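Just so it is clear, none of the values below were taken in a lab; they were calculated from the coordinates. Just so you know, these numbers come straight off a predicted model, no measurement behind them. Ideal geometry is used to build each Cβ from the backbone, glycine not excepted, and the neighbour counts take in all protein chains shown.
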Amino acid sequence: MTWPGFPNQQSTLFLILVLSLLFCSISLPTHAAEIRGTVLDPDGYPVPTVRIVVTGVKPGISETYTDTNGHFTLTNLPAGTYKLRVVLHGFTAKPVTITVAAEDKRDLSLKLQITALSESLVVSAAQTGLPLSEASSTITIISGAELDARQSRTVDNALAFVPGLSITRNGGLHSLTSLFTRGGESDFMLVLLDGVRINAFGGSLDLSQVPVVDVDRIEIVRGPQSALFGSDSIGGVIQIVSRQSTQERIEGLLEGGSQGTVRARAIASGNIGPWSLNLRLEDTRSNGYTGLAASTGQQVSNDDGTARHLGFGAGWRSSSGVELRGTGQLSWTERGFPGPYGSNPIGAYTSVDRISRGINTRHQFGLQWTQPWSAFTNKLRQRTALTLIDFDSTFTSPFGTSDNKSKRTSVRSQIDAVLTNTLDLSTGFEVQRESARSTFITDSNFQQVPVQRWLVGYFGELRVSPTNRLSIAAGVRVEQIRRDALVSNPSPFAPRPFFNTETVISVNPKVSLAYLLSRNTSSNQTKLRISTGIGIRPPDAFEIAFTDNPGLKPERSRSLDIGIQQTFAGGTGSIDATMFVNSYDDLIVTVGNSFRDASQFRTDNISNARSNGFELAIGIRPLASINLRTSYTWLNTKIIAIDGTNSEVPPPYKVGEALIRRPRNQGSVSLTYTHQRLSGFFETVFRGKVRDIEPSLGTFGGVFMANGYRTMSIGGAIQLAPWAQVLARIENLSNTTYEQAFGFPAPGRTAMVGIRVITSR
């Protein structure tokens with residue numbers, strides 16, 4: 001099958017690599033041991049899709065997952081001693097240490113117990129991996145089991161229940177979706193997929209294009225993380241971790257429902273000797289809907305969409321712990337843009353929505369190499385990753401067609417060292433090259449000219465635990481960002497002055513600590529967190545080149561958050577409260593140059609803005625089968641000063657006003673049930689009133705107060721056989737009329753039903 005927009009050369013090269021690995025592996029003789037086992041819940045029933053982490057005497061970590069019957073198999077193990085640990089949010093099993101000889105076959109039974117919700121592994125906060133209870137940043141983990149129980153389709157669906165995050169979707173399925181973190185901009189959050197950044201040029205990312213396919217967990221780290229990750233992470237980091245099973249497994253999903261929506265998904269994984277292979281494929285289509293815009297009272301349509309996603313990977317692991325893994329992500333989306341323009345009070349853009357369409361393609365390839373150093377008895381490890389990303393965006397409207405292309409090549413190398421029992425260090429460097437082209441970035445002859453940017457960063461983080469109660473982390477990243485010169489364009493239609501080569505050097509420090517105020521048992525504890533840091537995001541190519549503002553300055557942030565977490569009931573309950581204060585200098589916004597000419601925009605800096613707020617998250621697992629989460633966020637944003645914006649027409653940014661699309665109040669409740677053959681969920685989300693802009697007027701002063709809303713969703717699944725599951729859900733159960741973005745109505749009541757088939761051995 002051929003998909004539009006998928007590259008030929010890059011795909012061919014990657015397939016050659018995979019096939020080469022396969023042919024090499026077939027000829028490798030093995031005399032390895034095998035460990036098989038079953039994971040049972042506290043009631044003695046098998047538990048599917050549980051992660052098994054295996055640590056050997058030799059350096060390196062491996063992992064696998066249980067199948068639908070709770071079974072797992074570890075193959076190709078050289079003779080030695082291994083420790084097996086079960087990782088499932090809210091549960092634990094006593095680690096098992098086992099010694100095997102060559103060609104041994106051993107069987108185990110691991111029984112889970114309810115334990116502290118705070119003991120799950122986390123890897124984003126400190127690249128070496130540590131229990132959540134020891135992390136000094138504000139972190140939320142959404143497990144793969146929870147994603148499956150809630151039937152989450154895309155990352156934005158999953159993140160809607162995380163405190164401090166505000167999701168804004170311009171319509172229904174596949175619509176442009178933005179993420180605002182603690183009052184920051186939508187490009188302040190770095191998103192990683194298996195450690196590889198997937199943000200587009202300048203840090204932006206449409207979360208509706210990131211499907212939840214075969215995900216082990218999603219880790220959300222809030223607060224500035226620039227000390228380790230650079231300029232794209234001044235608001236935090238989202239780490240999406242895929243399942244890396246070596247078991248032979250095939251999974252299929254087919255579902256359909258309202259608005260002509262159909263989704264098909266296929267997953268395959270397996271291993272040949274030391275090689276592991278996996279393939280993920282998903283296709284979703286929707287006819288869209290005709291809905292009533294609450295803001296205008298008018299019917300809008302043209303919200304159809306198609307999304308296709310292909311993910312694949314191949315990995316090799318030696319007996320000494322050396323790992324080599326190649327990954328690829330190919331995605332293609334096409335969607336119609338719904339019609340807020342028809343409600344334009346001045347009637348300038350009537351019926352624009354009838355033909356406006358957008359097509360996005362993303363091609364991403366990565367190669368990661370992990371090398372533990374045996375001479376240092378598993379206390380030193382280096383990791384190097386190469387990433388290639390192409391992102392194309394085409395938009396067609398009555399005004400014509402625009403095309404934007406961006407590319408990024410990056411190399412990141414990191415060394416993790418355990419210096420003492422209480423001290424460890426991560427240090428390394430990162431190099432990125434970005435280039436972009438657009439129909440809006442041309443020379444005097446209307447020929448596209450490239451915009452290029454280089455980034456070189458050096459980083460280090462030291463973590464120390466002087467006592468069993470105190471953990472301190474201090475890090476810094478020194479970054480040099482250079483934008484190449486850009487030719488001028490004297491055209492009266494899109495004038496742009498000459499841009500000289502510009503270099504920005506930033507120093508981004510961060511300090512955080514976690515202190516256990518009390519510990520009654522290993523699972524009941526009170527923990528205090530304090531974190532502060534500085535971040536910087538230079539303007540990207542499009543922000544500079546689309547407008548005539550060579551004086552555009554980098555955005556800078558200073559952040560402080562203080563949190564306290566209390567676990568109770570043997571760790572099965574947790575209350576987490578966080579207060580935060582963020583200061584943004586030179587926040588980049590877009591304002592109109594002229595009311596008479598809608599094609600003229602100017603990107604400029606707000607000299608100062610502030611955000612402060614409060615986050616509350618409560619998690620309770622009263623029974624092994626029930627998981628309850630609730631969250632609430634209070635947010636206050638304020639523009640302190642305006643610097644340099646054009647005063648001809650009042651922009652939507654005024655001193656003393658709140659930033660747009662940042663709700664003051666929002667919250668959620670999520671309840672999931674999983675037991676034996678049954679699973680189900682109920683969830684509700686509410687959001688208060690929020691300042692927004694009328695899309696037809698936009699930056700020309702059309703500022704309105706959008707109404708708040710509350711929605712509910714419900715669903716469930718039943719296991720008909722070990723290999724077959726039927727699932728169903730109803731979204732927006734109360735058929736609420738609402739808008740996340742002013743002028744773009746969200747879908748009404750939506751029902752979906754499907755079947756899921758899994759085979760494994």
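The figures follow:
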quantity	calculated
Under 14 Å from LYS94, Cα to Cα: aspartates and glutamates that are on another chain or at least 8 residues apart	ASP41, GLU119
Separation of the MET712 and ALA485 label points, Cα + 7 Å toward Cβ, nm	6.5
Net lengthening on full extension, THR384/LYS638 (0.36 nm per residue, minus Cα-Cα)	87.3 nm
Least to most buried among MET705, MET752, MET712 (fewest other Cβ within 10 Å first)	MET705, MET712, MET752
Label-point separation, LEU628 to LEU513 (7 Å along Cα→Cβ), nm	3.6
In Hz, Karplus ³J(HN,Hα) per residue of region 556-561 (6.51, -1.76, 1.60; θ = phi - 60°; x = Gly, Pro)	10, 9, 10, 9, 9, 9
Estimated FRET transfer efficiency (PHE704, ARG610; beta-carbon r; R0 22 Å; 0.05)	0.45
Region 160-261 - convex hull of the alpha-carbon atoms, volume per residue in Å³	124
Segment LYS654-PHE429, length gained on full extension (0.36 nm per residue, minus Cα span)	77.0 nm
Restraint check, LYS83/LYS105; LYS638/LYS689; LYS83/LYS111; LYS83/LYS510; LYS405/LYS510; LYS407/LYS638, Cα-Cα greater than 24 Å	LYS83/LYS510; LYS405/LYS510; LYS407/LYS638
Kirkwood hydrodynamic radius of region 434-474, from inverse mean 1/r over distinct Cα pairs, in Å	14.6
FRET efficiency for ARG558 and MET579, using Cβ-Cβ distance with R0 set to 22 Å, rounded to 0.05	0.90
